[in-house]
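No value in this document is a laboratory result; all are computed from the given coordinates. The structure presented is a predicted model; accordingly, all values stated were derived computationally and were not measured. Ideal geometry is used to build each Cβ from the backbone, glycine not excepted, and the neighbour counts take in all protein chains shown.
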Amino acid sequence: MSDCLFCKMVSGEIQPDTVYENDEVLAFRDINAQAPTHVLVIPKRHIATINDLNDDDAGLVGKLYLAAKQVAKQDGIADNGFRTVMNCNAGAGQTVFHIHLHVLGGRNMQWPPG
Ligand code: 5GP
Ligand code: ZN
C-alpha cells in the first residue's frame, strides 16, 4: 500500500526507531509515547484492521505477540508487566489503518482503559 504510513516504514521510505525485526514483523517506538515503553508491532504485510484478518493470518497474529514478548524482555518490562492493545476501527481509536499491536509498559496501568 503506497499511501500507508506503516508500509512506508516496512519499505524503508520512512525510518522508524526500530527495536525488533524479523521476516514478517517490524517493531518500532511510537512517536507519541503514552508510557516509558510504547512500541508498535506490525506485520510487514499490509492488513488494514482486525476485521480484515483471515484464517490464514492466524500464525502471523501469533508472531505479533511473540515479538511483543521479545520487546518487553529487551526493555526490561516483562516481569513487572506490560499491556498489549490493538484498536479496531475509529470507534476504538484506530488512526493508522495497518494493524499494529501497542506494547505499553514501564508504568502502572489503570483498568478499565478510557
Ligand atoms: P492507533 O491510534 O491507530 O491505535 O495507533 C496509531 C499509533 O501510531 C499512535 O499511537 C501514534 O502515536 C503512532 N504514530 C502515528 N504516526 C507515527 C509516526 O510517524 N511514527 C511513529 N513511530 N508512530 C506514529
Ligand atoms: Zn500498510
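Can you give me the relative contact order of region 5-105 as a percent, contacts being Cα pairs under 8 Å and 6 or more apart? Don't jump to the answer; show the numbers that get you there.
Details: 154 pairs, mean separation 32.7, N = 101.
So the answer I get is 32 percent.
Rounded, prolate or oblate: pick one for region 5-105, where a ≥ b ≥ c are the square roots of the eigenvalues of its C-alpha gyration tensor, a/c under 1.5 means rounded, and failing that, prolate if a/b is larger than b/c, else oblate. Judged from the Cα gyration tensor, region 5-105 comes out rounded (a/c under 1.5).
Nearest 20 debye, what's the magnitude of the dipole of region 1-60 about its Cα centre given +1 on Lys and Arg Cβ and -1 on Asp and Glu Cβ?
240 debye
Net length available on complete extension from GLN74 to CYS4 is 22.4 nm, with 0.36 nm assigned per residue and the Cα-Cα distance removed. Relative to the longest principal axis of the Cα atoms of the chain, the long axis of helix 58-75 lies at roughly 40 degrees.
Figure the gain on full extension for VAL85 and ARG45 (residue separation times 0.36 nm, minus the Cα-Cα span) and round it to one decimal in nm.
On the way: separation 40, 0.36 × 40 = 14.40 nm, distance 1.91 nm.
Separation in residues times 0.36 nm, less the Cα-Cα distance, equals 12.5 nm.
Here each label is just a point 7 Å from Cα along the line to Cβ, and for ALA58 and ARG107 those points are 3.8 nm apart. Here the chain is assigned +1 on the Cβ of each Lys and Arg and -1 on the Cβ of each Asp and Glu. Its dipole about the Cα centre then comes out at about 360 debye.
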